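Report on the following structure.
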Amino acid sequence: MKLILLGPPGAGKGTQAERLYERHKLVQLSTGEMLRAERDAGTELGEAADRVMAAGQLVSDEIVIGIIAKRIEAPDCKAGFVLDGFPRTVNQAIALDDVLAKKAAKIDGVIEFVVDEAVLVERISGRFACAKCKAGYHDKFKQPKTAGVCDVCGSTDFTRRKDDNAETVKARLKAYREQTAPILPYYKKRGLLHPVDGMADPDTVTKDIEAALSRIKV
Ligand code: AMP
């Protein structure tokens, strides 16, 4: 099954993509993660993308389409994947269909995370993660059980994404409204869109996604 998780930053796409991997072995393809990996590796592409990401804007279609087109060729994507953070423009959505059509494949469903934008700034700007195992935490909603110690691996090193500050989050939400939300009708008119309430607790969202999956024909 090939799925897209569509929703603004902080809607819970990453959490649910991880659960889809655990439950269905659908590989999580996060363009944000791929771009951060390029940045951390110090590649030219990563450095160029870093400036755009730090400003909360979208990296060029050409770059992200190139990254995804290459990634979905990998053997681990054969059994299916979940796109998290891609496509983010109508051009990217069209390019994705073209890339898949060449492989006689298609997107089977799009899960839309419906959220109230007003709470997203607080949700995102409190996020941090274990530097070692990447387990996610939040200043207000999910502190480690022992302060300063990761629940999962015991590490005492934590990181925060530098684009998870209030000012950049506002720019990222604007980019979503203006450039990404116009994708919704593109999938809706093909009957691929499955809205879920992204404001519900993560377990309820998981259940709603499972219900949507049972309606998706592959
Ligand atoms: P994310 O981890 O999905 O929140 O993405 C972090 C940042 O990476 C975004 O704010 C963009 O600057 C960039 N990015 C990730 N995916 C895309 C994409 N599909 N198109 C353009 N920019 C992207």
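The values are calculated or read from the model by the stated rules, or taken from the named source; none is laboratory data. Just so it is clear, the model here is predicted, and its values are computed rather than measured. Cβ atoms come from the backbone with ideal geometry, glycine included; neighbour counts cover every protein chain shown. Quick note on the areas: whole protein, heavy atoms, side chains included, nothing else; ligands and nucleic acids left out. Shrake-Rupley method; radii C 1.70, N 1.55, O 1.52, S 1.80 Å.
Just to confirm, what accessible area per residue do you get for the chain at 1.4 Å probe, in whole Å²? Don't skip to the answer; put the middle values down first.
Numbers: 11410 Å² over 218 residues.
On a per-residue basis, 52 Å².
The distance separating the Cα centre of the range 161-218 from that of the range 134-158 comes to 26 Å.
Holding the Cα-Cα limit at 24 Å, pick out from K140/K188; K134/K188; K103/K207; K103/K174; K78/K132; K102/K217 the pairs that are longer than that. Before the final figure, lay out the partial values.
Numbers: K140/K188 35 Å; K134/K188 34 Å; K103/K207 31 Å; K103/K174 34 Å; K78/K132 29 Å; K102/K217 21 Å.
Over 24 Å apart, Cα to Cα: K140/K188; K134/K188; K103/K207; K103/K174; K78/K132.
Classify the range 1-133 as rounded, prolate or oblate from the Cα gyration tensor: take a ≥ b ≥ c as the square roots of its eigenvalues, call it rounded if a/c is under 1.5, otherwise prolate when a/b beats b/c and oblate if not. Mind dumping the intermediate values first?
Working: a/c = 1.44, a/b = 1.18, b/c = 1.23.
Because its axes are fairly even, with a/c under 1.5, the range 1-133 counts as rounded.
To the nearest 10, the accessible area of I4 is 0 Å² with a 1.4 Å probe. Counting only cysteine Cβ atoms and a cutoff under 4.7 Å, the chain contains unmatched residues C77.
Taking all protein chains as present, what is the carbon and sulfur share of the accessible area of the range 80-218, in % to the nearest whole number, probe 1.4 Å? Mind showing how you got there, number by number?
Details: 4070 of 7460 Å².
The nonpolar share, carbon plus sulfur, comes to 55 percent.
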